[in-house]
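Structure first, commentary second.
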Amino acid sequence: MQEIDWKNLSFGYMKTDYNVRVYYRDGKWGEVEVCSEETIPMHMAATCLHYGQEAFEGLKAYRCPDGKVRVFRVDENAARLQSTCHGIMMPEVPTELFIEMVKKVVRLNERFIPPYESGATLYIRPLLIGTSAQVGVHPSKEYLFLIFVTPVGPYFKGGFSTNPYVIVREYDRSAPLGTGIYKVGGNYAASLKANDIAHQKGYACEFYLDAKEKKYMDECGAANFFGIKDNTYVTPKSTSILPSITNKSLMQLAEDYGMKVERRQIPEDELETFEEAGACGTAAVISPISYIDDLDTGKRYTFSKDGQPGPMSTKLYNHLRNIQYGIEEDKHGWTTVVIE
Ligand code: PLP
Ligand code: COI
């Protein structure tokens, strides 16, 4: 095998040895298959291609200093996929099947799990697609659920270091009663233009305001938002954002510290009052925000004057990572050992 430069991995795709697949036919899931093929033979009229009957998930496997390999809150990813399945009328993938396949694909690709010291991780990507040929707009009868893995480095530049973000008002990622709460590909297609604008202007990522009033913070294209002030962790409550498992975990940790936790609407103006702010997600972990610009109003909200992550973001980041890597006590039972 070609040597992998673990320390300089980007958040990209690299071929690994195996993926795992299971087909839904005649109203039931079949047997799990191990596959070394990277492509999917598919009918050109498959519902995933035409009508976006597609969902995915994202989680990571961590090679820990104690030699074990752990995954983080895998049951939560299974539950969120089930919620997405309800949202776009696909059959649920049972939690046991989801977890069995995650374990299998990680074990089969053990040689691609980055060493602890590298800071890189093995990204696990479950994918569920409607495969029946159909021209009318209806749910598919047959589905393919597969999971592949790929070693990844940081999603945002520098990993745990501050980056500038930007509110882009000309685009909405999702509608208030749309699919924003589900992890479907269409949300990401809808984010590509705003994301391109943000990148072209030198920002790490775009932020969306709520689509109806254009007044409240929603989230980024691929991560939730949180702000810290007065010993309080504040994060948006919205019907158009993805319920982030990382955010849910950070809320719990903040509560464990005795901080107040508020999940509520955050008017854009309130950004002025935050001492720290960050984007959070599996890929982003915590990406501390230096400032957020609003392109239309010309306003800049600054959270880091010296370019350094704030103390609470740092504490949360270190604590979360230490739980994921089996270094600190996992008192909420969030991790699962996949390789002893
Ligand atoms: N928001 C969006 C739009 C995402 O794509 C992700 C990534 O999964 C998140 C938030 C963060 O969610 P999680 O912490 O479960 O990875
Ligand atoms: C994740 O954080 O797992 C994501 O899915 C974000 C992005 C790569 C879509």
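The values are calculated or read from the model by the stated rules, or taken from the named source; none is laboratory data. Only a predicted model underlies this, so the values are computations on that prediction, with no experimental measurement involved. Methodologically, a virtual Cβ is constructed for each residue, glycine included, from the backbone with ideal geometry; neighbour enumeration extends over all protein chains shown. Each accessible area value is taken on the protein alone, full model and side chains, heavy atoms only, with ligands, DNA and RNA left out. Shrake-Rupley method; radii C 1.70, N 1.55, O 1.52, S 1.80 Å.
Some points to look at:
- Among residues of the range 281-296, those that are assigned to a loop (DSSP other than H, G, I, E, B) and either modelled with pLDDT under 95 or of a type outside the set (S, T, N, Q) (or both), counted: 4
- Options Tyr203, Tyr182, Tyr208: the member that is among the aromatic types (Phe, Trp, Tyr), assigned to a loop (DSSP other than H, G, I, E, B) and closer than 18 Å to Gly298 by Cα: Tyr203
- Test for Tyr301: is it free of Cβ contacts under 8 Å to residues at least 40 places away in the same chain and touching a Phe, Trp or Tyr at 6+ places or on another chain (Cβ under 9 Å): yes
- Residue within the range 10-25 that is closer than 29 Å to Gly333 by Cβ, in contact with a helix residue (DSSP H, G or I) (Cβ under 8 Å, 6 or more places away or on another chain) and open to solvent by 50 Å² or more (accessible area, probe 1.4 Å) present: yes
- Hits in the range 188-217 - residues which are within 14 Å of ligand 1 (Cβ to nearest atom) and open to solvent by 60 Å² or more (accessible area, probe 1.4 Å): Ala189, Leu192
- Taken over the range 224-244, the criterion of being more than 14 Å from Glu276 (Cα to Cα) and touching a Ser or Thr at 6+ places or on another chain (Cβ under 7 Å) is satisfied by Asn224, Ser240.
- Evaluating Tyr171 against the criteria (1) touching a helix residue (DSSP H, G or I) at 6+ places or on another chain (Cβ under 8 Å); (2) touching a residue at least 60 places away in the same chain (Cβ under 8 Å); (3) open to solvent by 40 Å² or more (accessible area, probe 1.4 Å); (4) farther than 30 Å from Ile99 by Cα leaves one unmet condition, (2).
- Of the residues Ala55, Ala61, the single one that is touching a Cys at 6+ places or on another chain (Cβ under 8 Å), of a type in the set (Gly, Ala, Ser), open to solvent by less than 40 Å² (accessible area, probe 1.4 Å) and not in a loop (DSSP other than H, G, I, E, B) is Ala55.
- Candidate set: the range 227-246, residues that are within 11 Å of ligand 1 (Cβ to nearest atom) and among the hydrophobic types (A, V, I, L, M, F, W, C); chosen: the one farthest from the chain's Cα centre (by Cα): Ile241
- Qualifying position, being within 16 Å of ligand 2 (Cβ to nearest atom) and open to solvent by 20 Å² or more (accessible area, probe 1.4 Å), among Arg321, Arg300: Arg321
- Contact map, the range 84-110: first residue surrounded by fewer than 21 Cβ atoms within 10 Å (Cβ to Cβ), second residue part of a helix (DSSP H, G or I) and of a type in the set (D, E, K, R), Cβ cut-off under 9 Å, separation 6 or more or different chains; pairs are Thr95/Asp75; Ile99/Asp75.
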